[in-house]
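The values are calculated or read from the model by the stated rules, or taken from the named source; none is laboratory data. These numbers come from a predicted model, not from an experiment. Positions of Cβ are generated from backbone atoms using ideal geometry, with glycine treated the same way; all protein chains shown enter the neighbour counts.
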Amino acid sequence: MKQSKLILPVIVLSQFCCTSLWFAGNGVMGDLMVNFNLKGSALGHLTSVVQFGFILGTLIFAILTIADRFSPSKVFLTCALLGSLFNVGVIWEGNSLASILSLRFITGFFLAGIYPVGMKIAADYYEKGLGKSLGFLVGALVIGTAFPHLAKEMTGAFPWKSVLILTSFLGVLGGLLMFIMVSDGPYRKSGNKLEISAFFGVFRNRKFRSAAFGYFGHMWELYAFWAFVPIILKTYSMEHPEATFNIPLLSFLIIGIGGLACVLGGYLAQTLGTKRIAFIALLLSCGCCLVSPLMFMTESESFFIGFLLLWGMVVIADSPLFSTLVAQNASAEIKGTALTIVNCIGFSITIISIQLLNLLHATMNPMYIYTILALGPILGLIVLYEKKKQQLTKPKLH
């Protein structure tokens, strides 16, 4: 009994430690640009290349059904160790833009054995209350993603390389914790054979398909917003020269507060329903995208930061809820594969939105470019609304 109470905290802590690898490059972006003579567009490229690596990783993991055929804890450990190794490789002084992009790509590849596999492990332990459990888990991902920005602020007196060393150390620690303390879950059903058809077959389920498309709409906005938080703060500072922002600390707070929103959303979903809370969060984040140009015009720094903190909460609050719906509507034998393939497609979408913002930032007034992020939530809301409408019009059986 004592061990079962420790399982979720260990999974959450491991997920936090390992996902700190994700934005490690973003946390030291300014230093990388100075030390390796990178151009301004490097932000979008270095973020996108991690996503590319993650996508290729999830694609291979999904096709080979790795998370269902092998012990998830062992997969998690292996990927944590390798991801940490390639992450710390960025500190080598002989790096060029090509080698840094390669190292970040490989780090992203091994994150495919961390984020979705962590969700798979949670789903193997928590059949009931999965939404709440995934709320904690995605919350850990959010804080882990934000952590390099805080690490940059904390290690300001130290060389920039210390951020990468620290995140790699955390990655190793997280992998070991998961391997030592979390065995295969009681609800795990092992898929013993390679099933290429599972990659395509998951979308035949209508409920699964609806949850997945809602998630895709959410992903169009999420990582583009996260990647550009420091740029959003810098843009406001340029429009209002009197504003003095601690950009690394504020970036951590704006991204990291989403972790609290994930946990809160998980609890609300237990009483108000998973789909309903996901719909509300997606609607609010859509609104934030649309009103963002007006926020850049406000003279109040506090109001602007308050708006970004709200956006940081609602942009991610629906993520664990969509993952819950995906996991609940996939058969147990291919649950890991289902979560992985949805992640794969979702992260493919993030590259398009990040690169689009990169292009727009270079060609037009950056105050207006974030409205384009509303497209994903709008499509997601349409899918969720149609599903809701179908449920309301469905005849009741007596």
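Looking at Ser292 and the list (1) more than 21 Å from the chain's Cα centre (by Cα); (2) within 24 Å of Ala212 (Cβ to Cβ); (3) small (Gly, Ala, Ser), which single condition is not satisfied?
(2)
Scan region 305-332 for residues that are assigned to a helix (DSSP H, G or I) and surrounded by fewer than 21 Cβ atoms within 10 Å (Cβ to Cβ) and jot them down.
Within region 305-332, Ile305, Gly306, Phe307, Leu309, Leu310, Gln328, Ala332 meet the criteria.
From Val28, Val49, which residue is at pLDDT 90 or above, over 19 Å from Val342 (Cβ atoms) and of a type outside the set (Asp, Glu)?
Val49
Given the options Leu384, Leu339, name the one that is over 19 Å from the mean Cα position of the chain (by Cα), surrounded by 19 or more Cβ atoms within 10 Å (Cβ to Cβ), modelled with pLDDT under 85 and assigned to a helix (DSSP H, G or I).
Answer to the selection: Leu384.
Restricting the search to region 218-253, which residues are in a helix (DSSP H, G or I), aliphatic (A, V, I, L, M) and either on the phi > 0 side of the Ramachandran plot or surrounded by fewer than 17 Cβ atoms within 10 Å (Cβ to Cβ) (or both)?
So the first thing to find is which residues in region 218-253 are in a helix (DSSP H, G or I), and the list is 218-239, 247-253.
Subsequent filtering for residues that are aliphatic (A, V, I, L, M) retains 219, 222, 224, 227, 229, 231-233, 238, 247, 249-250, 253.
Result: Met238, Leu249.
Can you pull out every residue in region 120-163 that is at pLDDT 85 or above and in a loop (DSSP other than H, G, I, E, B)?
none
Return yes or no: is Lys74 in a helix (DSSP H, G or I), touching a residue at least 24 places away in the same chain (Cβ under 8 Å) and of a type in the set (D, E, K, R)?
yes
Pairs under 6 Å by beta carbon, first residue surrounded by 13 or more Cβ atoms within 10 Å (Cβ to Cβ) in region 190-217, partner modelled with pLDDT of 85 or more and small (Gly, Ala, Ser), six or more apart or different chains?
Gly214/Gly380; Tyr215/Gly346; Phe216/Gly346; Gly217/Gly376; Gly217/Gly380
Where the second residue is of a type in the set (Phe, Trp, Tyr) and at pLDDT below 75 and the first is at positive phi and lies in region 122-133, which pairs have Cβ atoms under 8 Å and are six or more apart or on separate chains?
Final answer for the pair search is none.
I'm trying to understand the selection: among the residues of region 261-318, which are farther than 18 Å from Thr371 by Cα and in contact with a Cys (Cβ under 8 Å, 6 or more places away or on another chain)?
Ala317
Does region 89-106 include one or more residues that are outside any helix (DSSP H, G or I), in contact with a Ser or Thr (Cβ under 6 Å, 6 or more places away or on another chain) and in contact (Cβ under 8 Å) with a residue 24 or more places away in the chain?
No.
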